[in-house]
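Read the structure below first, then the notes.
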Amino acid sequence: MFGVPLAFSDAQLRRLPNSLVACLTGATAAAVLAVAIAAGDAGPAWRAALAAPAVTAAYFSLYALAHGRLGGGDVKLAAPLGAVLGWHSWSLVATGFVLSWTAAALFVVAMKASGKDTQPATFPLGPFLIGGTLAALCVAGR
């Protein structure tokens, strides 16, 4: 529900609004908790709860190493996306990460091949993170 406005905002404005990311994070946490309680199985919820900070830490490391080429909004967006993928499995977390970054890299290569300049400092990564997450879920049949 929040992914589409986030993707459009990042593509157009080069920003992921904190209010939308916070709503997505809260909605994801509430959904994980509600489904875990309804199912009576805490295993997926624990995996989601561990995947969210693990993916966020990975993105924060990239943020620290990229020197301004990865935005803080992308780091914040990693938590709910990691939780959603983590609910299903650790391999899906890795698949989502790889699909997101592969799609972004292919886009940059296509833009450079077409002669258009893609400035890394303003490159909207959010749509690729959201799209990679959705693609990973589709590939896994979830």
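The values are calculated or read from the model by the stated rules, or taken from the named source; none is laboratory data. Given the structure is predicted, the values throughout are model-derived calculations rather than measurements. Virtual Cβ from ideal backbone geometry, glycine too; neighbours counted across all protein chains shown. Just the protein is used for accessible areas: all its heavy atoms, side chains included, with ligands, DNA and RNA removed. Shrake-Rupley method; radii C 1.70, N 1.55, O 1.52, S 1.80 Å.
Of all the options Gly43, Gly132, Gly71, the one that moves most in a Gaussian network model of the chain with Cα springs shorter than 10 angstrom is Gly43.
Only protein heavy atoms count here; on that basis, with a 1.4 Å probe, Thr95 has an accessible area of about 50 Å². Solvent-accessible surface (1.4 Å probe) assigned to Arg47 amounts to roughly 60 Å².
Computed with a 1.4 Å probe on the full set of protein chains, the accessible area for Leu85 sits at about 10 Å².
Measuring with a 1.4 Å probe in the full set of protein chains, what accessible area per residue, in whole Å², belongs to the stretch 2-100?
Numbers: 5190 Å² over 99 residues.
With the other protein chains kept in place, the stretch 2-100 gives 52 Å² per residue.
For the chain, what is the mean residue ellipticity at 222 nm derived from helices alone (per DSSP H run of n ≥ 4: -39500 (n - 2.57); sum divided by total residues; nearest 500 deg cm²/dmol)? The partial results should precede the final answer.
Details: 6 runs with 112 residues, N = 142.
Roughly -27000 deg cm²/dmol at 222 nm, from the helical runs in the chain.
Taking Ala54, Ala113, Ala36 in turn, the Gaussian network model of the chain (Cα-Cα springs below 10 Å) assigns the largest fluctuation to Ala113.
Ordering Ala51, Ala140, Gly68 by Cα displacement along the dipole of the chain toward the positive end leaves Gly68 in first place; charges were set at the Cβ atoms of Lys, Arg (+1) and Asp, Glu (-1).
The stretch 1-57 and the stretch 64-142 have Cα centres spaced 15 Å apart. Across the accessible surface of the chain, with the other protein chains kept in place and a 1.4 Å probe, carbon and sulfur atoms take up 71 percent. For the set His88, His67, the ranking by accessible area, highest first and with no ligand, DNA or RNA atoms included, is His67, His88 under a 1.4 Å probe.
Available extension along the chain between Ala64 and Gln12 is 16.3 nm, counting 0.36 nm per residue and deducting the alpha carbon span.
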